[in-house]
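K.L.:
Pasting a structure here, questions to come.
The values are calculated or read from the model by the stated rules, or taken from the named source; none is laboratory data. Quantities reported herein were computed from a predicted structural model and do not represent experimental measurements. Counting neighbours? That spans all protein chains shown, and the Cβs are built from the backbone with ideal geometry, glycine included. Calculation scope for accessible area: heavy atoms of the full protein, side chains included, ligands and nucleic acids excluded. Shrake-Rupley method; radii C 1.70, N 1.55, O 1.52, S 1.80 Å.
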Amino acid sequence: MAPTKIRIGCGAGFSDDRIPPGVEIVERGELDYLAMECLAERTIARETLDRAKDPTKGYTPVLLERMEAIMPPALKRGIKIVTNMGAANPMGAANILRKHAPDWGCPDYSCAVVRGDEVTDIMRAHPELALMEDGAPLESLLPRMASANAYLGADVVAQGFATGADLVITGRVADPALFLGPMLHAFGWSYDDYAKLANGTLAGHLLECSGQLTGGCFADPGKKEVEDLAGLGYPLADVWADGRVEISKTPGSGGRLDIATCTEQLLYEMHDPTAYITPDCVLDASGVSFRQLAKDRVALDGARGKPRTATYKVVVGYFDGYMGSGEMGFAGTNAVARAKLGIEVVKERLRRRGLTYSEMRIDLIGMNSLHANDAALAPEPYEVRLRIAARTTDKKAAEAVGAEVRSLHMQGPTGAGGGVNFGARQILAVKSVLIPREWVKPEIVMERAA
Amino acid sequence: MSVRVYDIAHARAGDKGNTSNISVTAYDEAGWQTIHRELTTERVLAHFRHLGAGPVRRYELPQLRALNFVIENALGGGVTRSLAIDPHGKSLSAWMLMIDLPGHNEGAA
């Protein structure tokens, strides 16, 4: 029989998110489901490259560390888990877990894998597709393409749980769908019941960034206080079969969950609140409101759902040259003038070496590095760090940037200290296209059968 | 009297590609009336223009006393390729709160 209420917790909101609050919500949250979102827009491109080097890799690098901490207490309590830590190799993730889980005291569990989000072949077959960012044809990126994945919806997550799996591992799935999937499965909601899909999507949107709902990204001493920020707890949602949702967080944890934190997270990366497009529905959050029911407990009202679009969004990862960067610190009298001289010296040394860059960025950390405001208007600080970053297609030219900055220690203005050469980083950029849903063929595969 | 957005509202910034999404939520009704009236797309665009940003779109959520600003081209080419030290522009919420607005009436309700 379908339950009347389920409780879904968030165990991670990005790939390197903190593990202890995830363990805490499993141990104290009285959860039915745990969702862990660990796949930023471009992460999957890097993991696709990992897989190219070693076919057993390509899952989220922190998978084993996180799961060793999470799986034993979760499975012991009968909490079902869904995560997109499969990244570019969900079956590889499932296989490596099976290898290690017995050592963690988890000899027996069932794992379903969602495949089919990877669409690189479809991209190659359709160079005419227009990029969403600039309308240019996809063709221009194809020679540099590193990955292409469609954002799948909650339907495949629900299908994963329908196998009876304790653990559903996916690659690219829309973040809110990791939370909506368990609701679809547990309550058997129709995939066309847009009122309920909207509520579930809203809950997922609020929860998917873990501590950002519960007092993270919020505190401002003396202005906006957060109790025990160090002990910030992760959020959970109580969802009823009729679609009602109330949000709370790990009992006894630090942080803050109220209308102010919910409002900030509601609008986080939402863009047009009347049309938040997911693979499952188009959420109209423009009428959403929050009711504080008790301390750290908030009810959601006013979500409206519109039918899902006929397309999936695909994020294409592609190589975009290299970035080199370095930093050097100066302090005391005339620090800013010495930093500026250091900048001119580095630029001139790179020029005399014949190295060229398509873009160079100069920052004075302590004055203008974050907001690119006019440094001339900023009060002169006691200490300042110069930072130089530059883009080039030549790896050696990229490496030279940080090396020249660091050599200011010995061959720059007086009193240059604390230099760092960040080296050259290969840039994996992303752009998007929309493709008809029917081009994508997701499948659910049991890990045992592999 | 003039007021800094920081004094009457709080903000959060997020990203998508080369677009920054910054919400501004008033602490109370008087603050809402001021940001609703004075924190215009023109003012926000002028404040972010040095980043090469624009256009700016503004969405209103009166029941939450919140405005949502979508600022295109604010992230130095986008999170994944920007040379900026804060490619996500998470700190841009603080820049939004530095805007000064005229005509704030603390007693407004």
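K.L.:
Tell me, what HN-Hα J-couplings in whole Hz come from the Karplus equation 6.51 cos²θ - 1.76 cosθ + 1.60 at θ = phi - 60° for each residue of segment A:172-185, using x for Gly and Pro?
P.N.:
Values per residue, Gly and Pro as x: 6, 9, 4, 4, x, 5, 4, 9, 5, x, x, 5, 4, 5 Hz.
K.L.:
Still on this structure, I have one more. Between segment B:35-109 and segment A:69-117, what's the alpha-carbon centroid distance in Å?
P.N.:
Cα centroid of segment B:35-109 versus Cα centroid of segment A:69-117: 42 Å apart.
K.L.:
Further question: Under the Karplus relation 6.51 cos²θ - 1.76 cosθ + 1.60, θ = phi - 60°, what is the ordered set of whole-Hz ³J(HN,Hα) values for segment A:386-399, x standing for Gly and Pro?
P.N.:
7, 9, 10, 10, 9, 10, 7, 8, 9, 4, 5, 5, 5, 5
K.L.:
While we're on this one: How many percent of DSSP beta bridges within the protein assembly as shown run antiparallel, rounded to 5?
P.N.:
Antiparallel bridges: around 85 percent, rounded to the nearest 5.
K.L.:
Sum up the charges of everything whose Cβ sits under 13 Å from the Cβ of residue A:287, counting Lys and Arg as +1 and Asp and Glu as -1, but leave residue A:287 out.
P.N.:
Residues close to residue A:287 contribute a combined charge of -1.
K.L.:
Using θ = phi - 60° and the Karplus form 6.51 cos²θ - 1.76 cosθ + 1.60, what ³J(HN,Hα) does each residue of segment B:11-17 get, whole Hz, x for Gly and Pro?
P.N.:
For segment B:11-17, the Karplus-derived couplings read 9, 9, 10, x, 9, 7, x Hz, x marking Gly and Pro.
K.L.:
List the lysines whose alpha-carbon lies under 17 Å from that of residue A:99, not counting same-chain residues fewer than 8 positions away?
P.N.:
Answer for residue A:99, where 17 Å is the Cα cut-off: A:57, listed by chain and number.
K.L.:
Sticking with this structure for a sec: Using only Cα atoms, find the angle between the long axis of helix A:90-100 and the longest principal axis of chain A, and express it within 0 to 90 degrees, rounded to the nearest 10.
P.N.:
So the helix axis and the longest Cα principal axis differ by about 80 degrees.
K.L.:
Quick one: pull the percent of accessible area on segment A:140-193 belonging to carbon and sulfur, 1.4 Å probe, ligands and nucleic acids left out.
P.N.:
So the carbon and sulfur contribution to the accessible surface is 48 percent.
K.L.:
May I pose another question? If the chain between residue A:291 and residue A:52 were fully stretched, how many nm would it gain, using 0.36 nm times the residue separation less the Cα-Cα distance?
P.N.:
Stretched fully, the residue A:291-residue A:52 segment lengthens by 81.1 nm.
K.L.:
Still on this structure: Would you compute, from DSSP H runs of 4+ residues alone, the mean residue ellipticity of chain A at 222 nm, taking -39500 (n - 2.57) per run and dividing by the full residue count, rounded to the nearest 500?
P.N.:
-8500 deg cm²/dmol
K.L.:
Something else: Calculate for chain B the 222 nm mean residue ellipticity that helices alone would give, adding -39,500 (n - 2.57) per DSSP H run of length 4 or more and normalising by residue count, nearest 500 deg cm²/dmol.
P.N.:
Result for chain B: -6000 deg cm²/dmol, rounded to the nearest 500.
K.L.:
Averaged across A:219-226, how many Cβ atoms of other chains sit within 10 Å of each residue's Cβ atom?
P.N.:
Partner-chain Cβ atoms within 10 Å, mean over residues of A:219-226: 1.
K.L.:
What nm value, rounded to one decimal, do you get for the distance between residue B:63 and residue A:100 when each label is placed 7 Å out toward the C-beta?
P.N.:
4.5 nm
K.L.:
Rounded to whole Å and sorted largest first, list the principal axis extents of the Cα atoms in chain A.
P.N.:
Taking the Cα atoms of chain A, the three principal extents are 75, 56, 48 Å.
K.L.:
What angle do you read, to the nearest 10 degrees and between 0 and 90, between the alpha-carbon axis of helix B:29-38 and the longest principal axis of chain B?
P.N.:
Approximately 60 degrees, to the nearest ten.
K.L.:
Roughly how much of residue A:132 is accessible, in Å² to the nearest 10, using a 1.4 Å probe?
P.N.:
About 100 Å², rounded to the nearest 10.
K.L.:
Could you check which residue among A:385, A:46, A:308 shows the biggest mean-square fluctuation in a GNM of chain A with a 10 Å Cα cutoff?
P.N.:
In this elastic network of chain A, the residue with the biggest mean-square fluctuation among A:385, A:46, A:308 is A:385.
K.L.:
Give me the percent relative contact order of segment A:316-431, please, defined on Cα pairs under 8 angstrom at least 6 residues apart.
P.N.:
Relative contact order here is 47 percent.
K.L.:
Evaluate the distance, in nm, between pseudo-label points positioned 7 Å from the Cα of residue A:396 and of residue A:426 along their respective Cα→Cβ axes.
P.N.:
So the two model labels end up 1.9 nm from each other.
K.L.:
Other chains near A:383-391: what is the mean number of their Cβ atoms within 10 Å of each residue's Cβ?
P.N.:
Average per residue, whole number: 2.
K.L.:
Please give the helix A:335-352 orientation as an angle from the longest Cα principal axis of chain A, in degrees from 0 to 90, rounded to the nearest 10.
P.N.:
90 degrees
K.L.:
Take the Cα of residue B:106, step 7 Å along the line toward its Cβ, and report every residue of segment B:30-71 whose backbone nitrogen sits under 17 Å from that point.
P.N.:
Counting only backbone N, you get B:30-35.
K.L.:
Hey, got a sec? Which GluC sites (Glu not before Pro) in segment A:140-244 land in a DSSP loop and have at most 16 other Cβ atoms within 10 Å?
P.N.:
For GluC sites (Glu not before Pro) across segment A:140-244 that sit outside H, G, I, E and B with at most 16 neighbouring Cβ atoms in 10 Å, the list reads A:225, A:227.
K.L.:
Give me D for chain B in µm² s⁻¹, whole number, from Stokes-Einstein with Rh from the Kirkwood sum over alpha-carbon pairs, 20 °C and 1.002 mPa s.
P.N.:
155 µm²/s
K.L.:
Using modelled amide H (1.01 Å from N, peptide plane; none on Pro or chain starts), what sits under 5 Å from the amide H of residue A:308, excluding residues fewer than 5 places away?
P.N.:
Under 5 Å from the amide H of residue A:308 lie the amide H atoms of A:282, each far enough along the sequence or on another chain.
K.L.:
OK, next. What pairs in A:196/A:441; A:5/A:295; A:347/A:396; A:80/A:306; A:53/B:16 have C-alpha atoms more than 23 Å from each other?
P.N.:
Those over the limit are A:196/A:441; A:80/A:306; A:53/B:16.
K.L.:
Between chains B and A, what is the buried accessible area summed over both chains (1.4 Å probe, protein heavy atoms, nearest 100 Å²)?
P.N.:
By this definition, chains B and A bury close to 3600 Å².
K.L.:
Do you know which residues of segment B:73-109 lose at least 30 square angstrom of accessible area in the protein assembly compared with their chain on its own, with a 1.4 angstrom probe?
P.N.:
B:80, B:81, B:83, B:84, B:85, B:90, B:91, B:95
K.L.:
If I model a spin label at residue A:125 and residue A:348 as a point 7 Å from the Cα along the Cα→Cβ vector, what separation in nanometres do I get?
P.N.:
5.9 nm
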